[in-house]
Amino acid sequence: MLIRGGRIIDPASGRDEVSDVLVAGGLVQRIGVRLDAPAGTDVFDASGCLVAPGLIDPHVHLREPGHEHKETIASGTEAAVSGGFTGLCCMPNTSPAIDSPEIVRFVYDRARETGLCRVFLVAAGTLGRHGQQVAEIGLLARAGAVAFSDDGDAIADAGVMLKVLRLVAVTGRVFMQHCQDPTLTRGAAMHAGGVATRLGLGGWPREAEEIIIERDVRLVGASGCRYHVQHISSGGSVEIVRGARARGLPVTAEVTPHHLLLTHDACAAYDTNAKVNPPLREAGDIEAIRRAVSDGVITVLGTDHAPHAPHEKAQDFESAPMGMIGLETAFGLYHEALVRSGAIDEPRLIALLTIEPARLCGLDAQGLGTLREGGPADITVIDPALEWTVTPAELAGKSRNTPFMGRRIRGRAVLTLVDGAVMMRRRGARA
Amino acid sequence: MGPGGDDEPGLLLCGVAPPRRWCAPRWSLRRYTSVMTSVAAPPPMRTQSKRDLLELSGLSGGEIREYLDMARGFVPIANRPDAGRSDLRGRVVANLFFEDSTRTRLSFTLAAHRLGATTVDLAGPGSSASKGESLSDTARVVEAMGVDAIVVRAKSAGAARIIAGAVGCPVVNAGDGRHEHPTQGLLDCLTFAEAMGRLESFDLSGLTLGIVGDIVSSRVARSAIAGMTALGARVVCVGPPTMAPGGLSAIAPGVSVTHDFDAVLPGLDGVMMLRIQFERHGEGPASGAAAGGGGSGLTGSLREFRAFYALTEARAAVLRPGAVIMHPGPVNRGLELDPGAADASASLILRQVSRGVAVRMAVLARLLGQGA
């Protein structure tokens, strides 16, 4: 395939130029102007488009095994390539949890059989994600776990957390923490603020996130483990991460599209699609988080794609499960929240979606997250001007739980190549 | 509608010839479309615009006055079975009570009967609700049996809104979790206005009502705050910070919060005492806008609570002349309210119960489209 005339942005190499990309044999063969294509080569006109390394999402839930009615690896990776993602890191809160090398191998087998993009597994740090007994971290890493996390819950016990960090440090992997002090969030359904007070719903205060990050930063100092704050939601948390990074600690943080665009007002009519963990907070938090992306404190974007079935989200607000889908709406929403708001430019946005998560999970060692001749041809072509409306029919994944339903979004992937194969080509968008 | 402008999804997924390590060997468009059509979108949520009464928050003073004007007209006949009306003859009101209730259910039943309607009752235990059926499915089933209005009480905040979104008939919220109890709020406004001599205008400006006790757990308090402030009253929330967090002052204009009952007591025109809702404390109610969760007690001890926040006879004696004592019930005598205060001439507690029937008549008559 020849991708002709797009703006090639590869933050890892600093490349930002209008050029052509020739792909063959699963590899990027050449990058250059006015490349000749061998006869019969499929040519994609990318003029006006961004040509980027395949997007990588370090935080998704594909629900397999155990919750296949919400999503499967097949449907989730379908949503991924539709949204321009070529690599996903899947969280271990499946049933059973991904906490043993056998389960890691099983899920990788399923991904090989049914996946449409690259699937990487994040293994649990403790058995069953119960936060008590340390898992076989060394064997899990050897089986292919690219990171560790008990996502869905924090490891609340500081002693267990320190052990896990020490063991993960040896593997060179990163520990990703879901930062939530469970003792401060009993019965919590949404952000502890005015809307919760009016609706009579239990509140999830910022302090529950900040306390865990404060504590963990000390443990990172003691263990030397790379540590990643998942789905940061509080302006106070941003300051803790900023301080830790300033002291040279290996601490990173990610932010979701919804924490960049929505406040707790989205819950005001008990819309369960806006129920998410950590919760949507207030305008000041959004402001602080955008600034942190702008000044390089937050270096990774992750959707926390969390599908739930309609009947589950149709329950009352307190009973409904937390989470929203994100893979297919992510790029346009990030573009709106970060680029069109003036926080960062497009090359930086691409970096946050490619080389940064690749480095976080060690995928750069496989040549992922960058576009270079001889490297794997994971490529995403994005039309930044393409406007679309989020409707159930527009979405490819299995679930529809998004508070962005009906929203007009600008910027969408039009071509997704995984290992040189066209996995998504948006009809009508391009000739 | 895809960007291509046709009805097909604007997406083409292609299989790849040699199966690669990470991807499926084949992937067809047919499979893709079947995935999409197999997913049913949840029905769109209806809002209060249909004829429902889900909350007082958001209603204007004018809208609340319309209910109260109608209720005032029903007061003379509300408690006289021989004076029944036939406004709603042939109509059926379903009481869906997924949570225990005595006075509210009886009150709605009597209100329906006074207007000539019949009632059917469905209570939580033993009903399909305990067999795993969802709220909205249960409501649809009940509606399909041919009822004209649904009165619902449920344990979770927002439940009445879910039911209102699922059915076509009017829905009245009879209490949803810690959210609201709008007919209680209306009867509190009616009773308070009557005692203050504002029965004609329902203009409560210049009056101050203290709401005392476990406010975070209280749907009665949220409805009273919305109703009273919409009619011009000021509301002072009184309790320990775990029960009366500062954030309450932001839920409506004219609301303030204090932790010092004795300091505000002499300036109040009325006090509404609340029961401590121990049964809701396990859910972390204090965490609303307060400093955070915590599953156990919201107060050090009942002795301590009484020392600062009970309406004892001594405190009742400090009330200004003409000030009134209200309580939504059930009263825990000797805890938040001493017997001497509960039975004092200033106490409106039984009148609240009585006005409840008139208010619920007005709500049913109004939502079912019959004038008073």
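Coordinate-derived values only; no laboratory data. Remember, it's a predicted structure, so these values are computed and weren't measured experimentally. Positions of Cβ are generated from backbone atoms using ideal geometry, with glycine treated the same way; all protein chains shown enter the neighbour counts.
Quick look at the numbers
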{"item": "Projected label distance in nm at B:Glu304 and A:Arg105, using a 7 Å step from Cα toward the beta-carbon", "result": "5.7"}
{"item": "Peptide B:134-141 - average C-beta neighbours from other chains (10 Å radius)", "result": "2"}
{"item": "Centre separation in Å (Cα based) which lies between the range A:307-334 and the range A:366-406", "result": "18"}
{"item": "Normalised contact order of the range B:183-351, rounded percent, pairs of Cα under 8 Å and 6 or more residues apart", "result": "22"}
{"item": "Taking the range A:265-363 and dividing mean pair separation by its residue count, relative contact order in percent (alpha carbons under 8 Å, at least six apart)", "result": "31"}
{"item": "Of B:Val324, A:Leu261, A:Gln29, farthest towards positive along the dipole that unit charges on Lys, Arg, Asp, Glu beta carbons give the protein assembly as shown", "result": "B:Val324"}
{"item": "Theoretical FRET efficiency, 1/(1+(r/R0)^6), r = Cβ-Cβ of A:Arg247 and A:Val170, R0 25 Å, to 0.05", "result": "0.65"}
{"item": "Straight-distance crosslink candidates among aspartates and glutamates, where the alpha carbon sits under 16 Å from A:Lys70 and sequence neighbours closer than 8 are dropped", "result": "A:Glu78, A:Asp304, A:Glu312, A:Glu328"}
{"item": "Shielding of A:393-399 by partner chains, average beta-carbon count, 10 Å", "result": "5"}
{"item": "Inter-label distance, nm, simple model (7 Å from Cα along the C-beta direction), A:Val33/A:Asp265", "result": "4.8"}
{"item": "Cα centre as origin, Lys/Arg/Asp/Glu Cβ charges: the range A:1-134 dipole, Debye", "result": "160"}
{"item": "DSSP-defined antiparallel bridges as percent of all bridges, the protein assembly as shown, nearest 5", "result": "30"}
{"item": "FRET efficiency, A:Glu68 to A:His130 (Cβ-Cβ, R0 25 Å, nearest 0.05)", "result": "0.60"}
{"item": "Environment charge at B:Pro266 (Cβ cut-off 14 Å; Lys +1, Arg +1, Asp -1, Glu -1)", "result": "-1"}
{"item": "Summed residue charge, Cβ within 12 Å of A:Gly84's Cβ, Lys/Arg positive, Asp/Glu negative", "result": "-1"}
{"item": "Within the range A:356-392, backbone nitrogen closer than 15 Å to the virtual label 7 Å beyond the Cα of A:Glu17 toward Cβ", "result": "A:371-373"}
{"item": "Cα-based equivalent ellipsoid of chain A: semi-axis lengths in Å, sorted from largest, via gyration tensor", "result": "33, 24, 21"}
{"item": "Computed lengthening from B:Ala263 to B:Ser60, 0.36 nm per intervening residue step minus Cα-Cα distance", "result": "70.0 nm"}
{"item": "Shielding by partners, peptide A:111-120 (average Cβ within 10 angstrom, other chains)", "result": "4"}
{"item": "For peptides B:188-195, A:313-320, B:345-352, sequence by mean Cβ density within 10 Å, most packed first", "result": "B:188-195, A:313-320, B:345-352"}
{"item": "Cut-off 14 Å, label 7 Å out along Cα→Cβ of B:Ser256, residues of the range B:189-228 by amide N", "result": "B:206-211"}
{"item": "Whole-angstrom gap from the range A:79-138 to the range B:306-333, using each part's C-alpha centre", "result": "59"}
{"item": "Where labels lie 7 Å past Cα in the beta-carbon direction, separation of A:Arg372 and B:Glu313 in nm", "result": "8.9"}
{"item": "Theoretical gain in end-to-end length, B:Val120 to B:Val141 [0.36 nm per residue, Cα-Cα removed]", "result": "6.2 nm"}
{"item": "Environment charge of A:Gly248, counting only residues whose C-beta is closer than 14 Å and scoring Lys/Arg +1, Asp/Glu -1", "result": "+4"}
{"item": "Over chain A, relative contact order from alpha-carbon pairs under 8 Å, at least 6 apart, %", "result": "20"}
